Amino acid sequence: MRRSNDDFVELSAAYSRELNSLLSVWVVQTGGLDFAAPGDKGLAALIKACEDQGIAHEVLTAAQLQHRFPLVRLPADFTAVLNAEAGMLHATKAVSMMLGLARARGAVLRDRTRVLNVQPLDDGRVEVETEAGTVRCDKAVITAGAWVGKLLRTVAGLELPLQPIHTTVGYYQVEDRAQWDASSFPVFIMYADNLSVYGCPSREYPGLIKVALHDGPNCDPDSRSLRPGFEELEVGDACSCEPG
């Protein structure tokens with residue numbers, strides 16, 4: 001994470017220098033809160049990683065956590081880890097910055113262009129066949145996203161265990177904006193074998209907090225449903241962060 005932060009600072013400086021433009025703040029350090037039931041291997045691995053890397057952190061009981069953040073009520077036997085270095089990345093702004101730099105340095109961007117095949121050429125270049133025509137270039141970066149499994153199967157005959165899933169993100173309105181604001185409340189993740197929940201404080205949309213599952217039903221990107229999976233947002237009573 002520390003190396004990533006350094007890289008983003010360097011990219012931001014290059015963006016400002018080469019394009020004579022400034023982006024508004026796109027990395028917000030909120031602190032990170034991770035919690036789980038007793039014996040959770042994921043939380044134990046997180047604590048060990050913090051210790052091994054010298055990352056300052058606090059291990060808290062559920063009662064200690066509620067004293068620190070009254071809005072969060074966990075089962076009495078849960079353990080929480082608080083790390084001040086974590087935060088949120090504004091992904092859209094970050095991607096826009098990277099695309100702007102790539103274009104300024106000579107890259108040709110072809111958004112929303114379906115790739116059909118990729119072939120290396122004898123002269124060291126690469127040929128990319130798309131629905132909009134064929135392109136020959138020195139280097140190609142293909143961002144296929146959920147279609148990467150299908151593309152690798154077509155291009156290289158590779159069958160990798162890649163399965164797209166349909167995830168649903170929920171935004172919940174809060175009355176007390178100050179308590180849920182990114183300046184006073186951390187990003188959070190609950191670890192569990194059958195239910196992993198993450199969320200962000202109010203920042204992207206004022207007055208709304210983001211909560212979602214790290215999971216969802218399998219889907220085919222070419223025929224996925226565009227209906228939100230409201231049932232996926234019914235996360236049960238494993239944890240309680242009550243807007244108020």
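3J(HN,Hα) along region 159-167: 10, 9, x, 10, 10, x, 10, 9, 9 Hz, from the Karplus curve 6.51 cos²θ - 1.76 cosθ + 1.60 with θ = phi - 60°, whole Hz, x for Gly and Pro. Ranking of SER16, SER202 by neighbouring Cβ atoms within 10 Å, starting from the fewest: SER16, SER202. Eigen-decomposition of the gyration tensor built on the alpha-carbon atoms of region 92-146 gives equivalent ellipsoid semi-axes of 22, 15, 9 angstrom, largest listed first.
Entry for the chain at q = 0.15 Å⁻¹: log10 I(q)/I(0) = -1.24, Debye formula applied to identical alpha-carbon scatterers, no solvent contribution.
Counting other Cβ atoms within 10 Å as a rough exposure proxy, the listed residues VAL174, VAL169 run VAL169, VAL174 from fewest neighbours to most.
Over region 7-148, the fraction of Cα-Cα pairs per 10 Å bin, rounded to whole percents and listed from the shortest bin up, is 9, 24, 21, 21, 18, 7, 1. Measure nothing fancy, just the Cα-based angle from helix 2-19's long axis to the longest principal axis of the chain, in degrees from 0 to 90, nearest 10. Approximately 50 degrees, to the nearest 10. Backbone geometry of region 52-61 corresponds, through the Karplus equation with coefficients 6.51, -1.76 and 1.60 at θ = phi - 60°, to 3J(HN,Hα) couplings of 5, 9, x, 8, 4, 7, 10, 9, 10, 7 Hz, x marking Gly and Pro. Across the chain, the longest piece that holds none of the trypsin sites (Lys or Arg not before Pro) lying in DSSP loops with up to 15 other C-beta atoms within 10 Å covers 1-104.
By the rule of a C-alpha distance below 23 Å, with chain neighbours fewer than 8 residues away ignored, the lysines paired with LYS210 are LYS93.
Exposed loop sites were defined as GluC sites (Glu not before Pro) in DSSP loop states (anything but H, G, I, E or B) carrying at most 16 other C-beta atoms within 10 Å; in the chain the longest segment without such a site runs 1-84.
Only the coordinates and a few stated rules stand behind these numbers; no lab work does. In this text the structure is predicted, and so the values were computed from the model without any measurement. Because the Cβ atoms are built from the backbone with ideal geometry, glycine has one as well, and the counts that use them run over all protein chains shown.
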